1. Give the residue, chosen from Met25, Met36, that is in contact (Cβ under 8 Å) with a residue 12 or more places away in the chain, in a helix (DSSP H, G or I) and of a type outside the set (S, T, N, Q).
2. I'd like the residue in region 227-239 that is of a type outside the set (A, V, I, L, M, F, W, C) and open to solvent by less than 10 Å² (accessible area, probe 1.4 Å) and, out of all such residues, is nearest to the chain's Cα centre (by Cα).
3. What's the number of the only condition in (1) under 30 Å from Thr40 (Cβ atoms); (2) open to solvent by 30 Å² or more (accessible area, probe 1.4 Å) that Asn55 fails to meet?
4. If you check Thr115 against the conditions, is it within 30 Å of Ala242 (Cα to Cα), surrounded by 12 or more Cβ atoms within 10 Å (Cβ to Cβ), in contact with a strand residue (DSSP E or B) (Cβ under 8 Å, 6 or more places away or on another chain) and at pLDDT below 90?
5. What do you reckon, is Asn254 of a type in the set (S, T, N, Q), under 21 Å from the mean Cα position of the chain (by Cα) and more than 18 Å from Ala159 (Cα to Cα)?
6. Are there any pairs, at least 6 apart or on different chains, whose C-beta atoms fall under 6 Å, with the first in region 181-205 and without any contact (Cβ under 8 Å) to a residue 60 or more places away in the chain and the second assigned to a helix (DSSP H, G or I) and open to solvent by 40 Å² or more (accessible area, probe 1.4 Å), and if so, which?
7. Where in region 63-163 are the helices (runs of 4 or more DSSP H), entirely inside, with at least 3 residues that are of a type in the set (Lys, Arg)?
8. Does Ile31 satisfy the condition of being among the aliphatic types (A, V, I, L, M), in a helix (DSSP H, G or I) and closer than 27 Å to Ser244 by Cβ?
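The values are calculated or read from the model by the stated rules, or taken from the named source; none is laboratory data. Given the structure is predicted, the values throughout are model-derived calculations rather than measurements. All Cβ positions, even for glycine, are placed from backbone atoms using ideal geometry, and neighbour counts span all protein chains on display. For accessibility, only protein heavy atoms count, side chains too; no ligands or nucleic acids. Shrake-Rupley method; radii C 1.70, N 1.55, O 1.52, S 1.80 Å.
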Amino acid sequence: MSLLAKQSAAGWVFLTPATILIAIMAFWPMIQAFIMSLQTGSSANMHWNEPLFNNYTRMFSDKVFLTSVGNTFLYLIIQVPIMLILAILLAQLLNNQHLKFKGFFRTCVFLPCATALVSYSIIFKSLFATDGLVNSILVNFGILERNYNFLGNSVSAKAVIIIALIWRWTGYNMVFYLAGLQNIEYSVYEAAKIDGANGWNTFWRITVPLLKPTIIMTFIMSINGTLQLFDESVNLTNGGPANSTITMSHYIFNNSFGQGAVSNFGYATAMCFFVFVIVAVLAFINMKVGDTRD
């Protein structure tokens, strides 16, 4: 064998075990899930749909599912940009060489990310309860005349979920931007300062372009995470009031494990594939938009 052939064979030897594991653990379950999405009935009595793609057509006439799609995209459109902008600004601030106690401030911003999802959801539920701390502060300062049911109103309940998401995940994304900023030579900023660039120009024309790969990565990760949003919907509002805050993952869970004594794995699996397609399309668009190579 030639040297090139030996190198190629060695590469396949190392790749084959991982490829087999990925095929068995990831792609085969996906194929099985797609087959299940064409079926209906409980887990003990699955049978083919008539017509075959009934689960997929049913989604677009299911008012609760359409509501869950709208809610999820509302959280995505509002929360993700705010969170990522805050993360970049905090990373820029905490990357300052002359800032004292940087480690302390970085830890404070990142700590919410270390909080368990269920725990922080329960904390926010307590804070925004009718007799919670937020109501007490707003009433004592005269902003509200009486206690307000934040979680009992559709608009304010959605706002609470968005606030909770921003609080929980901003520090997580800040760490990625901080790592990216520390890979930028400080001499670049010094050269820009000598050339007369102010802080905004330096940030917009140097920091943002050099952080572009990191921004794209965090944007894709945030989209993926928000489209699969579950804990906040379940633990903060339980999808209420009247399913007005329910997310796609929450509704899929309800259909998978039963609303009452009924479950429909086939329909839930079809909705999972719908989410999968959306995530794949949005990730592809972000990667194409962010790819500046000729």
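1. Met36
2. Residue satisfying both the conditions and the ranking: Glu232.
3. Going through (1) under 30 Å from Thr40 (Cβ atoms); (2) open to solvent by 30 Å² or more (accessible area, probe 1.4 Å) one by one, Asn55 breaks only (2).
4. no
5. yes
6. Between residues of region 181-205 that are without any contact (Cβ under 8 Å) to a residue 60 or more places away in the chain and residues that are assigned to a helix (DSSP H, G or I) and open to solvent by 40 Å² or more (accessible area, probe 1.4 Å), the close pairs are Ile184/Leu210.
7. By residue number, no helices (runs of 4 or more DSSP H) qualify.
8. When the stated conditions are applied, Ile31 does not pass them.
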